[in-house]
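Notes follow the structure.
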There are 2 protein chains.
Amino acid sequence: MRLSQFHLRTEKETPADAEIVSHKLMLKAGMIRKLAAGLYTWSPLGLRVLRKVEGVVREEMNRAGAIEMAMPSVQPKELWEETGRWAKFGPQLLKIRDRKEQEYCFTPTAEEAVTDFFRQEIASYKQLPVNFYQITTKFRDEIRPRFGVMRAREFVMKDAYSFHIDDDSLHAEYRNMYDAYSRIFTRLGLKFRAVAADTGAIGGSASHEFQVLAESGEDATVFSDGSDYAANVELAEAVSPGPRPAASESLRDVETPVQKTCEDVAALLDIPLQRTVKSVAMIGVDADGNDQFVLALVRGDHVVNEIKLAKLPGMGDYRLATEAEIAEALGSEPGFLGPLNAKKAIRVIADRSVAAMADFVVGANRPGFHIAGVNWGRDLPEPETADIRNVVAGDPSPDGKGILQIARGIEVGHVFALGRKYSEAMKCTVLDAAGKAVNPAMGCYGIGVSRIVAAAIEQNHDDAGIRWPEAMAPWQVAVCVINPKNDPAVAAAAEALYSELNAAGIDTALDDRGLRPGAMFADIELIGIPHRVVVSGRGLEAGTYEYRARTAAESENLDKAALLAKLAG
Amino acid sequence: MRLSQFHLRTEKETPADAEIVSHKLMLKAGMIRKLAAGLYTWSPLGLRVLRKVEGVVREEMNRAGAIEMAMPSVQPKELWEETGRWAKFGPQLLKIRDRKEQEYCFTPTAEEAVTDFFRQEIASYKQLPVNFYQITTKFRDEIRPRFGVMRAREFVMKDAYSFHIDDDSLHAEYRNMYDAYSRIFTRLGLKFRAVAADTGAIGGSASHEFQVLAESGEDATVFSDGSDYAANVELAEAVSPGPRPAASESLRDVETPVQKTCEDVAALLDIPLQRTVKSVAMIGVDADGNDQFVLALVRGDHVVNEIKLAKLPGMGDYRLATEAEIAEALGSEPGFLGPLNAKKAIRVIADRSVAAMADFVVGANRPGFHIAGVNWGRDLPEPETADIRNVVAGDPSPDGKGILQIARGIEVGHVFALGRKYSEAMKCTVLDAAGKAVNPAMGCYGIGVSRIVAAAIEQNHDDAGIRWPEAMAPWQVAVCVINPKNDPAVAAAAEALYSELNAAGIDTALDDRGLRPGAMFADIELIGIPHRVVVSGRGLEAGTYEYRARTAAESENLDKAALLAKLAG
């Protein structure tokens, strides 16, 4: 591409309303333009990058045996009612009414549409397994769209859906997709982790998120420094610490007139926060189905994990207790709660770390007081123990290898073994080998194609602008011409090099716009071209080209053979 | 692609609810599936064809210097209000309300969005001309979606928009796009015509429709059998016939008690229909801006052309006259109207053909009577004369070369010199060479990408199914294997040929599904693969492959060299 024939428009100023670096740089480089909240036009430059990402995703999906097709953007309400998602999806589902007052939505995902396609197309186990995918525009009516294309309302998603006669086949394809995703993100040059994720409300048996690591990421992920273990914070197991020390202190009340948090109590008593215990009051149900007052205990430096808690018996639909319920059960007000001296029978659930503590501090259930020197077995019965907290950096890895670290990540992919939730709801069946109609098992596999563009920038930038990974750069090489109008020999040499590189399959831009070198180099750095070659009169005299990698501090003068060898590598 | 790894699902029965052959064959070949009225899922087979069309369109647009970008599907009401099209577009515009009760539409076309992009991106004539295009999903809420993807509500369109400092530049780009479109439809192997079209309500200075010729086409187009002249019926000029013959009959009343149409009158009088004149009563405005009664006269075998009529002075907003207005002006009732004996001053506009008639028959403005032997100059003043009728087959071509024919066509492309309608309405300006802010001239250029798929089938099919033009076939060649499971040598030979052809850049499918030959051949014919090669045990023994072009009546046995030569050609 000759840049004189292209439309490039960079900005000198950093846009004031962009909060994260990828949004700023995409605006500054002129990759996107806002049309309305969460709606972006992709400029020619932006679209080139988006298409490169699409291309890699498509190649690897095809290589993995998935088959591309395309479903409509606008989908009828009736279909979404078959699974109950018309109501359940909530306000993120953009609903549409047509001229005949029929209701539709703009597809945010296509489980219903693909299951409808499948049930019309495929009748026998002999046609299974099959994995259909599409790369199309989706819409989620985010209440607060932000960060440019990172959390836009309209976006490009690759969504794939596989169908299987049994769970073994589903799990084989799940692994196949997991591997394909790893290849995709590796080819795209991204630092990522596949993170075990909770299967949540959808059910299903397995789920991994693919997270691009970046400090601006909205998701916290946990990984081991001694193994491949990675999970999101909701899911990561907090293992039991070593055995409980022996009790060495006696029970005593301590005055804490205004100290309502563990941090304040620890500061007042001059003890480590790890010696305090936080009591969280909630309401579950008992074996008879009645409300039950529950006190969940975690160490002062830990946080209760709601997802883990909700998996315990009687806690499926738990809620926080009201102040009236707390007063009735404990005779106290929040800030001074604890497991001792309750006014009625309560359920106490201690996190594994708490169960392993001795001589700890809890609230006294008396305003202005805590109790120190508390010990299990002596002052309290041995507690019900479970993993009910978020892991923190420094915890041992649950696989026994290494120490957990926490990193922030941007979710760019998700694989999910769905099971039969959709095929059952939509009465989708195939005949098995015995001639019996059975619901196929399903998997779904998403990649946020447009989000990848932003995520890659979060991970690859410097003060001068974007540093694209090779595979998603708008062009791999920029040939910059110094003073082409006044120096025909330079213009001709640049043109020749440009043609030669493109002919060799190296996607090359010729910067023949005739800008001053400073402005030209600033543009090429800002838009992140991995390799820059400068053709100048001085270079031609010396028989060299000035080469600089986007990631290098210095340029070097190379003759043509050395330059071509460098670019071909 | 190995078909055993693909998803192919053909139907034996012809779908009952499909009206035209392309819709029938697309369903039968399993290219599309209906999701709801006017909404279709593209199966893997259908998508392959759609992508081939997209590929040709993209290549030629790029070659022509247009620059690809992408605008959102969902666009805000405010933008469409700037041009008044939020209201004017009518119910085909699918309106959407988001969770915040903001209004949007699903884009049917993008003049507003691209002009908004332009006015933010481009400030100077130095950056002009520029032509932006996108290939994206559009939506028109058709009241009666039908014919499958031919008139679907959701469809894929290539839309391009050019911007110019002056009209000369606009017209050069218009010609450039006209040529690019001609290359696109030629490469796609379609029989088409570029047809001069009316610029209609949008205004603008030039417009051509690209019509694929097909009997099922919704548009009537006119072309000369002696030149390149082509136009749609609304626009084609009806030239003046030869000089008027001398009067030979005298004026006489004829009784036509129940004969209200020219056909009935001609039959009663036993004269050719070409001797009768039809009088259409309407209301225009006179020079003072008052209502004016107008009688438009066309020959009995002709039809009034409303678009031509509306271009005459005072007729811009004409309407048909009411019966009361007719009675007041002519003292008659419809069926017996004519230019003689009016009760007040009226405007008479005679079509060129009528002005050249002698001894003709008109209504008498008296119920039950017509007048025969009417002659201009003698019985009536010489009339105001204009071209106000549709051309008919057999008319002379307006370029003086050949005779007009009428053919039906399917509109697949449209180029339009818009002028400054949008740039003025949206206050979009650039600085010209003198530093003055001026509205750029614009052109817009559309191609119905998904419609092309259906149009190609209308033009290329036989009883066995589709006959794809080479450039848009899902695969160019199908290698059919006879009995692969029981004959490993055959399977290996087919596999080798398949690999060899793909390596040579010939997009080849290997039909390794193990079907019986009859069913396999029927599928390959139905889905329209241009070239079929059969690999069988008998052929291997003889050292030959059975080759048949989709359009050929017979197959031939070729050795490998001859086969490769045939397929490479």
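The values are calculated or read from the model by the stated rules, or taken from the named source; none is laboratory data. None of the values given here were measured: they were computed from a predicted structure. We place every Cβ from the backbone using ideal geometry, glycine too, and count neighbours over all the protein chains shown. Just the protein is used for accessible areas: all its heavy atoms, side chains included, with ligands, DNA and RNA removed. Shrake-Rupley method; radii C 1.70, N 1.55, O 1.52, S 1.80 Å.
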**Request:** Using only alpha carbon pairs under 8 Å that are at least six residues apart, calculate the relative contact order of segment A:475-568 and give it in whole percent.
**Result:** 30
**Item:** Length-normalised contact order of chain B in % [C-alpha pairs under 8 Å, at least 6 apart]
**Value:** 17
**Table column - 3J(HN,Hα) (Hz), segment A:75-83, Karplus curve with 6.51, -1.76, 1.60, x for Gly and Pro** = 10, x, 3, 3, 5, 6, 6, 4, 9
**Request:** Pull up all non-local amide H partners of residue B:217: gap of 5 or more, or a different chain, and H-to-H distance under 5 Å with H placed in the peptide plane.
**Result:** B:409
**Asked** To one decimal in nm, how far is residue B:99 from the same spot in the other copies, if labels go 7 Å from Cα toward Cβ? Please give the shortest first.
**Response** 3.1
**Asked** Taking accessible area as the heavy-atom solvent-accessible surface of the protein chains with a 1.4 Å probe, which residues of segment B:14-57 lose no less than 30 Å² upon going from the isolated chain to the full protein assembly?
**Response** B:33, B:35, B:39, B:41, B:42, B:44, B:47, B:51
**Asked** For label points placed 7 Å from Cα toward Cβ, what is the shortest-first list of nm distances from residue B:378 to its copies?
**Response** 13.6
**Prompt:** Separation between the residue A:310 and residue B:408 pseudo-spin-labels, each 7 Å from Cα along Cα→Cβ, expressed in nm?
**Reply:** 5.9
**Message:** In whole Hz and in residue order, list the ³J(HN,Hα) couplings for segment B:373-384 that follow from phi through the Karplus curve 6.51 cos²θ - 1.76 cosθ + 1.60, θ = phi - 60°; x for Gly and Pro.
**Reply:** x, 7, 9, 5, x, 9, 9, 9, x, 4, x, 5
**Item:** Amide proton proximity set for residue B:420, modelled H, under 5 Å, gap of 5+
**Value:** B:442
**Message:** So for segment A:252-390, averaging the separation of alpha carbon pairs under 8 Å that are six or more residues apart and normalising by length, what relative contact order in percent results?
**Reply:** 29
**Message:** Give me the one-decimal nm value for the distance between modelled label points at residue B:225 and residue A:269, 7 Å along each residue's Cα-to-Cβ direction.
**Reply:** 10.7
**Fill in**
With a 1.4 angstrom probe the carbon and sulfur portion of accessible area for segment B:252-390, in percent, totals 51
**Prompt:** Using a simple charge model, +1 on the beta-carbon of Lys and Arg, -1 on the beta-carbon of Asp and Glu, nothing else, what dipole does segment A:301-385 show about its Cα centre, in debye to the nearest 20?
**Reply:** 160
**Request:** Mind checking which of A:5, B:222, A:446 is farthest towards the positive end of the protein assembly as shown's charge dipole, using Cβ charges of +1 (Lys, Arg) and -1 (Asp, Glu) about the Cα centre?
**Result:** A:5
**Prompt:** By accessible area of protein heavy atoms, probe 1.4 Å, what ranking do B:463, A:17 get, highest first?
**Reply:** B:463, A:17
**Prompt:** How big is the charge dipole of segment A:475-568 about its Cα centre, in debye rounded to the nearest 20, if each Lys and Arg gets +1 on its Cβ and each Asp and Glu gets -1 on its Cβ?
**Reply:** 100
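Can you list which of the DSSP-assigned H helices in chain A have a Cα extent of 18 Å or more along the long axis and an average Kyte-Doolittle score of at least -0.5?
Counting only whole DSSP H runs, the qualifying helices are A:44-63, A:488-503.
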**Fill in**
A student asked for the Cα radius of gyration and Dmax of segment A:475-568 in angstrom ought to give 11.9, 31
**Item:** Label point 7 Å beyond Cα along the C-beta direction, distances from residue B:191 to other copies (nm, shortest first)
**Value:** 6.3
**Item:** Rounded Å value of the spacing that divides the Cα centres of segment B:234-293 and segment A:175-228
**Value:** 80
**Prompt:** Just the C-alpha atoms of chain B: what Rg/Rh do they give, with Rh taken as the Kirkwood radius?
**Reply:** 1.07
**Inter-part distance where segment A:299-344 and segment A:448-486 are each reduced to a Cα centre, Å** = 52
**Request:** Take the Cβ-Cβ distance between residue B:328 and residue B:205 as r, set R0 to 45 Å, and report the resulting FRET efficiency rounded to the nearest 0.05.
**Result:** 0.65
**Accessible area, probe 1.4 Å, largest first, for residues B:169, A:224, A:499** = A:499, B:169, A:224
**Request:** Classify segment A:217-258 as rounded, prolate or oblate from the Cα gyration tensor: take a ≥ b ≥ c as the square roots of its eigenvalues, call it rounded if a/c is under 1.5, otherwise prolate when a/b beats b/c and oblate if not.
**Result:** oblate
**Item:** Label zone at residue A:254, where the point sits 7 Å out along the Cα-to-Cβ direction: segment A:346-387 residues whose backbone N lies under 11 Å
**Value:** A:360-363, A:370-374
**Positive-pole candidate from B:32, B:239, B:124, dipole of chain B, charges at beta carbon** = B:32
**Message:** I need the calculated FRET efficiency for the pair residue B:499 and residue A:516, taking r as the beta carbon distance and R₀ as 56 Å, to the nearest 0.05.
**Reply:** 0.60
**Student exercise, segment B:244-339 dipole from Lys, Arg, Asp, Glu Cβ charges, in Debye to nearest 20** = 480
**Cβ-derived FRET efficiency at R0 35 Å, residue B:462 paired with residue A:126, nearest 0.05** = 0.65
**Item:** Solvent exposure of the protein assembly as shown as accessible area per residue, Å², 1.4 Å probe
**Value:** 41
**Message:** Suppose we consider the axis relating copy B to copy A; can you name the residue of B with the nearest Cβ and state that distance in angstrom as an integer?
**Reply:** B:96, 2
**Request:** Work out from phi, with θ = phi - 60° and the Karplus expression 6.51 cos²θ - 1.76 cosθ + 1.60, the ³J(HN,Hα) of each residue of segment A:126-143, listed in order in whole Hz, and give x for Gly and Pro.
**Result:** 5, 8, 9, x, 9, 10, 9, 9, 9, 10, 9, 7, 10, 9, 10, 7, 4, 6
**Asked** Interface A/B, total buried accessible area with a 1.4 Å probe, nearest 100 Å²?
**Response** 4600
**Accessible surface of segment A:475-568 [probe 1.4 Å, protein heavy atoms]: carbon and sulfur percent** = 52
**Message:** Name the residue from B:565, B:515, B:543 whose Cα lies farthest towards the positive end of the charge dipole of segment B:475-568, charges +1 on Cβ of Lys and Arg and -1 on Cβ of Asp and Glu.
**Reply:** B:515
**Message:** Amide H of residue B:141 versus every other amide H placed in the peptide plane: which residues, excluding those fewer than 5 positions away on the same chain, fall under 5 Å?
**Reply:** B:93, B:94
